[in-house]
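See structure below.
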Amino acid sequence: MLYGDGVFEGLRSYGGKVFRLEEHLDRLWDSAKAIWLEIPMTKAAMADAVNQTLKINDIKDGYIRLVITRGAGTLGLDPNRTSDPQVIIIADSIQLYPAEMYEQGLTIITSSVLRNHPAALSPRIKSLII
């Protein structure tokens, strides 16, 4: 996991079914392609692995985080010095806010902080690099 190089995708499941699984996998593959990272399995195999992870852990309503790292390598900035990309699937039940916020609502703000320019780092790439 040298330099934290990789991509990620967050997904939700409701009633044991992953919401827009195919679209999320397409975005994960697009992010990986943008940083020249080859995902070491097919989309079908990834979808099966996600569904099996939920089933094995008996998660119906939950959060799934897919992380693809470039793998092991030696020091240096050249990504070609790495090998064996790794897939990590994290899944758990999740409630983002206290129950009363779902029932009564919550107050939000609009931040005045500007994000980085999209030409500097594409916001479409969900990379592990900050």
(message) Condition (residue is farther than 14 Å from Ile64 by Cβ, assigned to a helix (DSSP H, G or I) and touching a residue at least 24 places away in the same chain (Cβ under 8 Å)) applied to the range 5-19: is it met by at least one residue?
(response) no
(request) Being open to solvent by less than 70 Å² (accessible area, probe 1.4 Å) and in contact (Cβ under 8 Å) with a residue 24 or more places away in the chain is the filter here, so list the residues in the range 73-120 that pass it. (result) Gly73, Pro79, Thr82, Pro85, Val87, Ile89, Ala91, Ile94
(message) Test of understanding: among Met101, Met46, which residue is under 21 Å from Tyr14 (Cβ atoms), over 21 Å from the mean Cα position of the chain (by Cα) and not small (Gly, Ala, Ser)?
(response) Met101
(request) Taking the residues in the range 61-82 that are charged (D, E, K, R) and within 19 Å of the chain's Cα centre (by Cα) as candidates, determine which candidate is farthest from Glu38 (Cα to Cα). (result) Asp61
(request) Inspect all residues belonging to the range 98-105 and state whether any of them is in contact with a helix residue (DSSP H, G or I) (Cβ under 9 Å, 6 or more places away or on another chain), at pLDDT 90 or above and in a helix (DSSP H, G or I). (result) no
(request) Just need a number here: residues in the range 30-56 that are part of a loop (DSSP other than H, G, I, E, B), closer than 18 Å to Ile90 by Cβ and open to solvent by less than 20 Å² (accessible area, probe 1.4 Å). (result) 1
(message) List pairs: first residue in the range 57-72 and at negative phi and buried (at least 17 other Cβ atoms within 10 Å of the Cβ), second residue hydroxyl-bearing (Ser, Thr, Tyr) and not in a strand (DSSP E or B) anywhere in the structure, Cβ distance under 9 angstrom, at least six positions apart or on different chains.
(response) Ile59/Thr53; Ile64/Thr53; Ile68/Ser31; Arg70/Tyr3
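The values are calculated or read from the model by the stated rules, or taken from the named source; none is laboratory data. Predicted model only: the values in this text are computed from it and were never measured. Every residue, glycine as well, gets a Cβ built from its backbone with ideal geometry; the counts of neighbours run over all protein chains shown. Only protein heavy atoms, including side chains, enter the accessible area calculation; ligands, DNA and RNA are left aside. Shrake-Rupley method; radii C 1.70, N 1.55, O 1.52, S 1.80 Å.
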